[in-house]
1. Which numbered condition trips up ARG235, out of (1) under 15 Å from the mean Cα position of the chain (by Cα); (2) over 23 Å from PHE488 (Cβ atoms)?
2. Suppose we keep only residues that are among the aliphatic types (A, V, I, L, M) and without any contact (Cβ under 8 Å) to a residue 40 or more places away in the chain within segment 115-127. Which one would you say is most open to solvent (accessible area, probe 1.4 Å)?
3. Only one of these is over 23 Å from THR506 (Cα atoms) and of a type outside the set (Gly, Ala, Ser): LEU83, LEU75, LEU97, LEU108. Name it.
4. On the basis of being in contact with a Phe, Trp or Tyr (Cβ under 9 Å, 6 or more places away or on another chain), touching a residue at least 60 places away in the same chain (Cβ under 8 Å), open to solvent by less than 10 Å² (accessible area, probe 1.4 Å) and within 30 Å of LEU471 (Cα to Cα), does VAL29 make the cut?
5. Looking only at segment 180-212, which residues are part of a loop (DSSP other than H, G, I, E, B) and within 19 Å of TYR160 (Cα to Cα)?
6. Does segment 377-400 include one or more residues that are under 22 Å from the mean Cα position of the chain (by Cα) and more than 22 Å from ALA315 (Cα to Cα)?
7. I want to confirm something. Restricting to segment 360-392 and keeping residues that are over 23 Å from THR309 (Cα atoms) and not charged (D, E, K, R), which single residue is most open to solvent (accessible area, probe 1.4 Å)?
8. Of the residues in segment 237-293, how many are over 22 Å from THR411 (Cβ atoms), of a type in the set (S, T, N, Q) and at pLDDT below 95?
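The values are calculated or read from the model by the stated rules, or taken from the named source; none is laboratory data. All figures in this text were calculated on a predicted structure; none of them were measured in a lab. No Cβ is skipped: glycine too gets one built from the backbone with ideal geometry, and neighbour counts run over all protein chains shown. Note: accessible area is taken over every heavy atom of the protein model, side chains too, but ligands, DNA and RNA are not part of it. Shrake-Rupley method; radii C 1.70, N 1.55, O 1.52, S 1.80 Å.
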Amino acid sequence: MTNDRAALGLDPTVTTACHAAAESIVDDVYRVTDRRTTVSVERAVARLLGIDGVDRDDAPLPNVVVDHVARQGKLDRGIAFWLGAAMLRTGMTPQQLAEGIARGEVDLCAGAPTDGGEVDDLMAVRAAAAIADIAQARAERAQLIGTLQDPRDEPGPLVYVLTATGDVYEDVVHAKAVAQHGGGIVAVIRSTAQSLLDFVPYGPTTEGFGGTFATQANFKIMREAMDEWSKDHGRYIRLSSFCSGLCMPEIAVMGAIEGFDNMVNDALYGILYRDLNPVRTLIDQRFSRRINGLFGITINTGEDNYLRTADAIEAAPSVVASQFINYALARRAGLAPDQIAVGSAFEIDPRVENGLLLEWAHAQLTRELFPECPIKYMPPTRHMDGDLFRTQANDVLFNLITVATGQEIQTVGTPSEGIHTPHIHDRVLGLQASSYVSTFARDIGSELVPRPGGLIQTHAAKVLDEASRMLEGIRSTSLFTALEAGTFGDVTRTIEGGRGADGIVTLDEAYLNPFADIEVVSHV
């Protein structure tokens with residue numbers, strides 16, 4: 001894609017200072033979260049060790065096993081320690097132990113004290129085998145992509161299209177239509193409020209509100225359907241879902257196992273918009289991003305959400321500040337820059353004079369601040385009121401800025417966005433509009449460069465300066481203080497408040513998580 005990535009003439013010392021401030025902010029986050037785990041991290045470890053299925057009451061076995069240890073007040077050693085000790089004692093597999101606990105026949109914490117070193121060695125072997133299995137599947141997927149046409153190699157942005165019917169089998173129909181009309185990534189929106197569930201539903205689902213439940217079975221169905229379409233048509237279709245909420249680490253594991261390519265994995269969204277506890281969420285995002293990084297999954301950071309509750313012009317510095325923080329958190333978790341799809345959005349009120357130029361400034365600023373990242377650019381949604389013609393016009397202008405500023409992942413807007421969950425034909429109209437602009441304005445980004453000292457350059461510099469001051473302010477206090485002050489999205493959250501705080505566990509000195517320190521070396 002053509003775009004001059006240095007069109008704004010930004011002061012590099014300001015950018016460097018922003019990255020340094022973000023690094024210091026993340027240092028402080030780690031001081032708060034470092035010696036803690038959560039029930040969802042432990043359930044993710046249980047899943048990686050092979051535990052799956054439900055008990056006779058449909059409770060997921062990862063929950064059954066972790067709750068069993070937590071009730072005895074012993075989760076501070078880590079679920080891997082107790083599973084390993086019981087494996088040495090009984091000769092059973094993690095799955096057999098889980099089923100035994102569900103039947104009331106096994107007490108994971110019973111028996112004579114076990115040598116910690118012996119457990120560590122066993123779990124290191126089991127973890128390495130689990131990682132190798134998923135890495136092998138990932139390598140086979142890379143090989144498949146290599147035999148097909150890759151939409152990343154096509155001119156224009158990688159087009160990201162949502163499906164959200166609530167029925168996984170209907171989502172398959174929508175996803176195939178998206179693929180047929182030029183989509184490159186199919187995102188399965190999950191059911192409303194699933195992020196508040198402290199368990200992952202089990203099996204295929206056909207009922208959901210505003211989306212389809214993220215379950216391992218649903219992931220598998222979508223992956224198989226897209227692989228079948230890809231092989232039949234010679235063009236690879238990527239899959240994405242939401243890796244957030246109270247089960248963020250588990251969903252990261254499920255996505256890795258089922259071969260997903262992208263995940264919406266924002267560090268702050270659940271805190272701000274689902275009122276999840278900040279400490280719980282930041283612990284969960286660290287492990288989930290480690291898993292995403294390990295298996296070559298690209299994350300989407302989701303700053304676009306802030307602009308649904310705050311004014312897009314006034315809040316622009318806070319969006320940029322969050323981008324720097326989210327980027328630093330992702331890098332610290334082991335993600336490569338090309339796996340971090342920093343979020344940006346087109347959300348200025350369409351009645352604002354010269355709003356298009358201000359949007360251009362915001363988009364170009366994000367593009368230049370993170371030159372190695374595949375920026376994920378979101379279409380307008382906040383000001384969509386059901387007026388089909390204005391929505392379509394707004395989406396076309398969004399498509400124009402996408403091309404002009406060289407965004408690499410573009411979510412497609414749909415004309416009926418403000419009326420109902422879009423039907424297939426709405427998605428197709430959005431894809432046609434995107435394709436039209438992408439072709440018709442292909443090289444606009446290199447032909448039309450912002451005028452030195454003009455509105456685009458001066459606005460971008462002003463936003464960056466304010467973001468820099470905001471980051472310095474957060475560095476002098478903490479990210480948690482900034483959340484309490486309503487810095488992001490005009491939403492206030494306290495460090496003690498929110499759902500899920502009771503799922504945080506302070507670590508014992510002998511805590512064991514064999515997946516925590518594995519090097520991220522298998523980036524595909």
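1. Result: ARG235 fails condition (1) only.
2. Within segment 115-127, the first condition is being among the aliphatic types (A, V, I, L, M), and the residues that meet it are 119, 122-125, 127.
Now narrow it down to the ones that are without any contact (Cβ under 8 Å) to a residue 40 or more places away in the chain: 122, 125.
Working: LEU122: 44, VAL125: 97 Å².
This residue is VAL125.
3. Details: LEU83 fails: over 23 Å from THR506 (Cα atoms); LEU75 fails: over 23 Å from THR506 (Cα atoms); LEU108 fails: over 23 Å from THR506 (Cα atoms).
From the options LEU83, LEU75, LEU97, LEU108, the qualifying one is LEU97.
4. On the way: in contact with a Phe, Trp or Tyr (Cβ under 9 Å, 6 or more places away or on another chain): yes; touching a residue at least 60 places away in the same chain (Cβ under 8 Å): yes; open to solvent by less than 10 Å² (accessible area, probe 1.4 Å): yes; within 30 Å of LEU471 (Cα to Cα): yes.
So VAL29 fits the description; yes.
5. Narrowing segment 180-212 to residues part of a loop (DSSP other than H, G, I, E, B): 181-184, 189-193, 197-212.
If the condition is that a residue be part of a loop (DSSP other than H, G, I, E, B) and within 19 Å of TYR160 (Cα to Cα), then HIS181, GLY182, GLY183, GLY184, ILE189, ARG190, SER191, GLY210, GLY211, THR212 are the ones that fit.
6. If we filter segment 377-400 for residues that are under 22 Å from the mean Cα position of the chain (by Cα), which is where we start, we get 377-382.
So of that shortlist, the ones also more than 22 Å from ALA315 (Cα to Cα) come out as none.
Looking through segment 377-400, none of the residues is under 22 Å from the mean Cα position of the chain (by Cα) and more than 22 Å from ALA315 (Cα to Cα).
7. PHE389
8. 0
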